[in-house]
Amino acid sequence: MKKISLVLVLFFLLAIGSAFAQHPDGWGIGVVGQYGGGWSGGPGYGGVAFSLKTPSSNIYWGLNVEIKKHYFAFNLTGDRYFVDKIFVPGINLGWYLGLGGYVGLGIAEKYFGLGFGARLPIGFYIMPVNFLEVFLGFVPRLGVDIYLGDDTPDDTVDFPAGGWGVELGIRLWF
């Protein structure tokens, strides 16, 4: 029984190991359209982010900056994929599952907001050619929101805060 258990554990570890690193190892640069909302409903949000993956890091970064009259917002995300597996090799169709974090800052005339927490990105990607990736992901998040100023909600600290997001992007690999 111990030998069978050992063989099953080794098989499992080999299967998990083959699930890593299906994306190229070089630079990945792209744009991501984002849309999402909070768990409690209310108005959604959207925007466009810059996407970056460097060869020396296993982190997929996202940066979104929004500048309007009397308003500034900055959002940074970083995700590490623990599962990154192509399941249709002929067309390079794959899926990913990761764990990441986010930090966001919003400033208006009478308002300051800060949010941070964890993300759980899961999605699909296709690489029709070796240097082009198109991906679609669902990203639930959970964290803390802190509000200060005159135009704030009743609670200055919102925990647990969170929501969901959808990301559609294109990334070029070099």
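Net charge around Gly28, counting only other residues with Cβ within less than 11 Å of its Cβ (Lys, Arg = +1; Asp, Glu = -1)?
Surrounding charge for Gly28 is 0.
Starting from the Cα-Cα distance between Phe124 and Leu105, subtract it from 0.36 nm times their residue separation and give me the gain in nm to one decimal.
My answer for the length gained is 4.0 nm.
Using the Cα atoms of segment 44-145 to build a convex hull, what is its mean projected area in square nanometres?
Projected area, direction-averaged: 7.7 nm².
Largest first and in whole Å, what are the equivalent-ellipsoid semi-axes of segment 62-102 based on the Cα gyration tensor, each being the root of 5 times an eigenvalue?
Value: 34, 13, 4 Å, ordered largest first.
Compute the signed sum of charges (Lys and Arg +1, Asp and Glu -1) over the other residues within less than 14 Å, Cβ to Cβ, of Phe72.
Every neighbour counted, the sum reads +1.
What distance in nm lies between label points placed 7 Å from Cα along the C-beta direction at Tyr45 and Phe174?
3.0
Starting from the amide H of Trp27, placed 1.01 Å from N in the peptide plane, find each other amide H under 5 Å away whose residue is 5 or more places distant or on another chain.
Hits under the 5 Å cutoff: Phe174.
Readers should treat all values here as calculations from the given coordinates under stated rules, not as data from a laboratory. What you see is a predicted model; the values in this text were computed from it and never measured. Neighbour counts are summed over all protein chains in view; Cβ atoms, including those assigned to glycine, are modelled from backbone coordinates with ideal geometry.
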